[in-house]
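Shown next, in structure tokens, is the structure this report addresses.
The values are calculated or read from the model by the stated rules, or taken from the named source; none is laboratory data. From a predicted model like this one, the values you see are computed outputs, not experimental measurements. Reconstructed Cβ throughout: ideal geometry from the backbone, glycine too, with neighbour counts over all protein chains shown. SASA here: full protein model, heavy atoms, side chains in, ligands and nucleic acids out. Shrake-Rupley method; radii C 1.70, N 1.55, O 1.52, S 1.80 Å.
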Amino acid sequence: MPDTARLHLHLLSDATGETLNAIMRATVVQFDEARDPDSVVTHRWSLIRTRFQLHRVIDGIEAEPGPILSTLVEAGLRSELETAAQRLNLPVVHVLDPVIGMLQAHFGHQAAARPGRQYVLDAAYFKRIDAMHYIMAHDDGQAQSGIGEADVVLVGVSRSSKTPTSFYLANRGIKAANIPLVPGTPEPPGLTSPHCPVIGLTLDVEALIEIRRHRLRMLGATGTGAIARHDTGDYVDPEAVKAELLWARRLCQRHCWPVIDVTRRSIEETAATVLQLMDAWHERRRKAAAQPPPPPS
């Protein structure tokens, strides 16, 4: 593809750039042209907090011109960037401005304009770190004595995305324990009257078999010998897998645990649904606690 057919998109941030990455992913995919991996070239410029760093960025933009998305908050850097963009005849969008403007109107004063303020080492940060440590200690049914500390428990058959979903939730400060459901084994202890939401994860038979086959290929390629644990054939046998999923779903139904089908969901979408179900669970508990006790008989 000729370079003139490419869109060079410059993401310029004074912090990690995650906000711009999310905006870019959410918007570019709305255009069929962007399905070609060569159609959009993304240039990520993060932690830009000095004029020297900005000059290096402007040199890069001049070498490969394209639209600029910015989350810079320092006035001097913003002004210099805008001057350079005008000289190069390039559009620049400060993506935070509409929201900051709305909040300034509400609070009645200007924003602090401090770069990277969302990444300070505050209580929320250490809560995320604590949640990460919790996940590593309680992944795949480990240390079930600590389940009482969980904010949510994810259950499901092997390879149903419990672990990656748990780690994604931990980045939100959520302690998510995950417990495998294995036919022929005792039901997970401590979940009969849970202190937190219990949520099941499931997926289509075909999708689960393909994920498991990929896992077995990876285990075989690494030479770890772990493949021997699944050499009976039931692990990827269509009828056995179908029966396993049906058993797990019935177990969830028996305990009134909501179930999320993750077949066509990304980890982010699954985690968002988990958070919704957690909110609904706590709302039901609040309403139940607020109801007056029944009159004495």
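I'd like the residue in region 1-33 that is without any contact (Cβ under 8 Å) to a residue 24 or more places away in the chain and either in contact with a helix residue (DSSP H, G or I) (Cβ under 7 Å, 6 or more places away or on another chain) or among the basic types (Lys, Arg) (or both) and, out of all such residues, is nearest to ARG87 (Cα to Cα).
Going through the qualifying residues, I end up with VAL28.
What residue, among those in region 231-256 that are open to solvent by less than 50 Å² (accessible area, probe 1.4 Å) and touching a helix residue (DSSP H, G or I) at 6+ places or on another chain (Cβ under 8 Å), is modelled with the lowest pLDDT?
GLY233
Tell me, which residue of region 31-71 that is of a type in the set (Gly, Ala, Ser) and open to solvent by 50 Å² or more (accessible area, probe 1.4 Å) is nearest to GLY17 (Cα to Cα)?
SER46
Mind counting the residues in region 72-87 that are open to solvent by 30 Å² or more (accessible area, probe 1.4 Å) and under 16 Å from ASP14 (Cβ atoms)?
The qualifying residues number 8.
Can you give me the number of residues within region 257-272 that are part of a helix (DSSP H, G or I) and surrounded by fewer than 17 Cβ atoms within 10 Å (Cβ to Cβ)?
4
Where in region 1-102 are there helices (runs of 4 or more DSSP H), lying fully within it, with 1 or more residues that are under 32 Å from the mean Cα position of the chain (by Cα) and at pLDDT below 90?
Per the criteria, 18-28.
Determine, yes or no, whether LEU251 is under 23 Å from the mean Cα position of the chain (by Cα) and outside any loop (DSSP other than H, G, I, E, B).
Here the answer is no, as LEU251 does not meet what is asked.
For region 183-202, check the following and say yes or no: at least one residue is modelled with pLDDT under 95, open to solvent by less than 50 Å² (accessible area, probe 1.4 Å) and within 21 Å of GLU239 (Cβ to Cβ).
Checked against the condition, which is being modelled with pLDDT under 95, open to solvent by less than 50 Å² (accessible area, probe 1.4 Å) and within 21 Å of GLU239 (Cβ to Cβ), region 183-202 yields no hits at all.
Looking at (1) open to solvent by less than 50 Å² (accessible area, probe 1.4 Å); (2) at pLDDT below 95; (3) out of contact with any helix residue (DSSP H, G or I) (no Cβ under 6 Å at 6 or more places or on another chain), can you tell me which one ALA226 breaks?
In the conditions (1) open to solvent by less than 50 Å² (accessible area, probe 1.4 Å); (2) at pLDDT below 95; (3) out of contact with any helix residue (DSSP H, G or I) (no Cβ under 6 Å at 6 or more places or on another chain), ALA226 misses (3) alone.
For a quick check of your reading of the model, give me the residue pairs whose first member lies in region 185-209 and is without any contact (Cβ under 8 Å) to a residue 12 or more places away in the chain, whose second is among the aromatic types (Phe, Trp, Tyr), with beta-carbon atoms closer than 6 Å and at least 6 apart or on different chains.
Listed pairs, sorted by first residue: none to list.
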